[in-house]
Amino acid sequence: MVQEDGHRVRPTLDSDEKQRIQRANQIFLRLRKKLHDRDERFEERDVREAAQGARWLREIVERYPDGLETAYEDALATSGLPEEDQAHLRKRAEEAGGFSSFVPRDLRKLEETTPGKRKQPGTSTASAGPQDLICGLVAGLLAGGTMMGNSFYFGFAVGVARKNDCW
């Protein structure tokens, strides 16, 4: 999307969408801290909240794929991230068919970590481990930061992803 003055803009989100993104980001940051403080252990309630936040974000992201791509390119260009991190993120997004494909796929993985959730036929019945949860949280923070124009969340997510070998 482009404004009359030539600047690209993020998708125009309604107040409910903004609240859901902000709430999801709060959940993800809180859970990331808990995982770190507890030496990578987590409670079912935490995972259920993270899965709900991932569901909210995925639904919003899927409504605005073009706007998300634009917001992602702008966030990457202004992020101040080292070239190595930018190249790594670009490669991951390109491998997935674009940022708007990469993010929903990783958010779905986080949604599927819900304890007690019925598995689809042919999928693994193994519980998600801390690594799966951390990488899902990272995708959520990356999406939320991108959609809201929050460069802190964007940069933080990329750093955590690299540290935890998420991509």
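The values are calculated or read from the model by the stated rules, or taken from the named source; none is laboratory data. This structure is a prediction, so every number in the text was calculated from the model and none was measured. Every residue, glycine as well, gets a Cβ built from its backbone with ideal geometry; the counts of neighbours run over all protein chains shown. Only protein heavy atoms, including side chains, enter the accessible area calculation; ligands, DNA and RNA are left aside. Shrake-Rupley method; radii C 1.70, N 1.55, O 1.52, S 1.80 Å.
Accessible area per residue for region 43-83, computed on protein heavy atoms with a 1.4 Å probe, is 48 Å².
Available extension along the chain between Glu43 and Ala87 is 12.4 nm, counting 0.36 nm per residue and deducting the alpha carbon span. Using the Cβ-Cβ distance between Thr12 and Lys34 with R0 = 30 Å, the FRET efficiency computed as 1/(1 + (r/R0)^6) comes to roughly 0.35.
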